[in-house]
């Protein structure tokens, strides 16, 4: 069974631009969570989606947003990019809410220049 | 806010040595996961522990969940270069389903 797929793997954007990242969870998994990983801050929770609804949100500014589609695929968007947004963005899928056993994708490495 | 502290932050050992990594919190977690991450890749789930005092073994890796479900340890016996990576613990809470709190990780280097 295929794992979590994130696209693209690498992305370079200019400050002020916006970006959309995609995540396809494991087949049958309905919960998708997003994390930002940086050397200084570690893994920081962005948000969680279940049944097309945002169920949980971390402490990130409104420039970070996301959505989930009926097939459980999820996208996250970052607008007005800042240099500090450079990070590895990770998507994790779980079978259901409350099951915190999550399976991660390979991540999208975003570099803002 | 639930926090998880991992120690040590960095560990460099020779092949064949044993090591223990700790994950501590003042909060109670309903479950705790350990992941291993290699550079440029996503974390890979190693184990989930849910019962206080639980011990799980995965080949040369032994995971223990504290009796009070506030802390956990990962012990590796006879480390190998293939064990090199970033080890992360993550705690889950029934009151905040869908959100895991991650420790800052332990970077392990096993030299041949």
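From other protein chains only, count the Cβ atoms within 10 Å of every residue's Cβ in A:32-45, then give the mean.
Rounded to a whole number, the mean comes out at 3.
Just the Cα atoms of chain B: what Rg and Dmax do they give in Å?
That works out to 13.4, 44 Å for Rg and Dmax.
Can you give the Kirkwood hydrodynamic radius for the protein assembly as shown, in Å, rounded to one decimal and based on Cα pairs?
Kirkwood hydrodynamic radius for the protein assembly as shown: 17.9 Å.
Please rank A:89, A:10, A:49, fewest neighbouring Cβ atoms within 10 Å first, as an exposure proxy.
Listed from fewest to most nearby Cβ atoms, that is A:10, A:89, A:49.
Order by neighbour count: A:50, B:10, A:64, fewest other Cβ atoms within 10 Å first, most last.
Neighbour counts put them in this order, fewest first: B:10, A:64, A:50.
Kirkwood Rh and Cα-based Rg: tell me the resulting Rg over Rh for segment A:1-110, rounded to two decimals.
With Rh from the inverse mean 1/r over Cα pairs, Rg/Rh is 0.94.
Every read-out reported here was derived from the displayed coordinates using simple, explicitly stated rules and does not represent laboratory data. These figures come from a predicted structure and were not determined experimentally. Backbone-built Cβ (ideal geometry, glycine too); neighbour counts: all protein chains shown.
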